[in-house]
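Please read the structure below before turning to the comments.
The values are calculated or read from the model by the stated rules, or taken from the named source; none is laboratory data. In this text, all values refer to a predicted model and were calculated from it rather than measured experimentally. Note that each Cβ is placed from the backbone with ideal geometry, even for glycine, and that neighbours are counted across all protein chains shown.
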Amino acid sequence: MTRASVPALRGDGLPAWRRVLAVVAHPDDESFGLGALLDAFVRSGAEVSVLCLTHGEASTLGGPDGGLAAVREGELRAAAEVLGIRHTALRDHPDGGLASLDRLRLAEEVAQEAGRTRAEGLLVFDPLAGVTGHPDHEAASRAAMLAGEERGLPVVGWALPEAVAAALRAETGAGFAGHPLENLHAVEVDRTRQLAAVRCHASQAVPGSVLWRRLELLGDAEYLRRLVASTGPAAGTA
């Protein structure tokens with residue numbers, strides 16, 4: 001992976017891309033994890049698209065009636081509208097099974113969607129334990145990184161400071177992973193639209209969810225880590 005050039009960063013740490021593709025594993029990842037950052041991109045004037053690789057049908061929340069995939073698809077569409085996302089693509093890969101799929105196949109799907117949306121950069125969950133410890137998050141991110149490397153597109157990952165990840169591990173036992181603060185780029189965020197988008201995911205945003213504690217610990221900041229550098233003209237920096 002080249003480090004010869006890197007995504008242009010504004011003073012607030014947000015890449016200066018005009019068109020952004022977020023690649024996530026499940027409906028609600030775009031809101032629970034990336035919502036404030038996607039809103040920041042939209043507010044900066046960027047055109048934002050989302051590629052979600054599963055319907056989230058394996059969630060233990062939402063009831064056993066077999067209709068959860070359709071419910072979560074509707075929730076994703078509603079949340080995307082709240083966040084100002086221009087285009088949403090939803091695939092039907094197995095929830096909980098992304099890590100077992102051919103990464104080259106997933107990377108090609110990401111690359112095709114990046115081409116359709118003319119993305120100048122990709123936003124993903126940081127691949128270290130997929131931030132939250134979910135293997136689907138890591139698999140989605142690594143496929144996007146491979147697509148970025150192959151297409152010359154820069155990739156940045158939403159990440160947690162290690163202090164926040166450690167607090168969440170201690171309090172919840174979940175497998176959160178983070179990085180030293182000096183290795184991250186801070187972005188000041190407004191969570192108004194993110195919280196409105198979270199409410200669209202009524203089947204998942206339950207009281208007592210670790211989501212609320214994470215947002216409390218992060219306050220008005222989110223953090224990015226450079227994952228793949230730009231290697232060609234496909235990645236804009238205007």
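Checked against the criterion of being under 16 Å from the mean Cα position of the chain (by Cα) and without any contact (Cβ under 8 Å) to a residue 60 or more places away in the chain, the candidates Ala177, Ala170 yield just one match: Ala177. There is no residue in the range 107-120 that is over 16 Å from the mean Cα position of the chain (by Cα), over 30 Å from Ala16 (Cβ atoms) and among the polar types (S, T, N, Q). When the residues of the range 136-150 are filtered to those that are in contact with a Ser or Thr (Cβ under 9 Å, 6 or more places away or on another chain) and not small (Gly, Ala, Ser), the one that is surrounded by the most Cβ atoms within 10 Å (Cβ to Cβ) is Asp136.
Listed conditions (1) touching a Leu at 6+ places or on another chain (Cβ under 9 Å); (2) at pLDDT below 95; (3) crowded, with 18+ Cβ neighbours inside 10 Å are all met by Thr54, apart from (2).
Exactly one residue among Glu108, Glu113 is crowded, with 17+ Cβ neighbours inside 10 Å, out of contact with any Pro (no Cβ under 9 Å at 6 or more places or on another chain), farther than 21 Å from Asp220 by Cβ and not hydrophobic (A, V, I, L, M, F, W, C), and that residue is Glu113. Within the range 191-207, residues that are touching a residue at least 60 places away in the same chain (Cβ under 8 Å) and within 20 Å of Ala58 (Cα to Cα) reach partners that are crowded, with 21+ Cβ neighbours inside 10 Å and of a type in the set (Asp, Glu) with beta carbons closer than 7 Å, at six or more positions or on different chains, in the pairs Cys200/Glu75; His201/Asp28; His201/Glu75; Ala202/Glu75; Ser203/Glu75; Gln204/Asp28.
Screening Gly62, Gly13 for residues that are buried (at least 17 other Cβ atoms within 10 Å of the Cβ), modelled with pLDDT under 70, touching a Leu at 6+ places or on another chain (Cβ under 9 Å) and not aliphatic (A, V, I, L, M) leaves exactly one candidate, Gly62.
Taken across the range 203-223, residues that are closer than 16 Å to Ala129 by Cα and either of a type in the set (Gly, Ala, Ser) or surrounded by fewer than 21 Cβ atoms within 10 Å (Cβ to Cβ) (or both) do not occur at all.
Hey, can you tell me all the residues within the range 180-212 that are part of a helix (DSSP H, G or I) and more than 25 Å from Arg77 (Cα to Cα)? Spell out how you get there, then give the answer.
Residues of the range 180-212 part of a helix (DSSP H, G or I): 181-183, 192-200, 210-212.
Across the range 180-212, the qualifying residues are Leu181, Glu182, Asn183.
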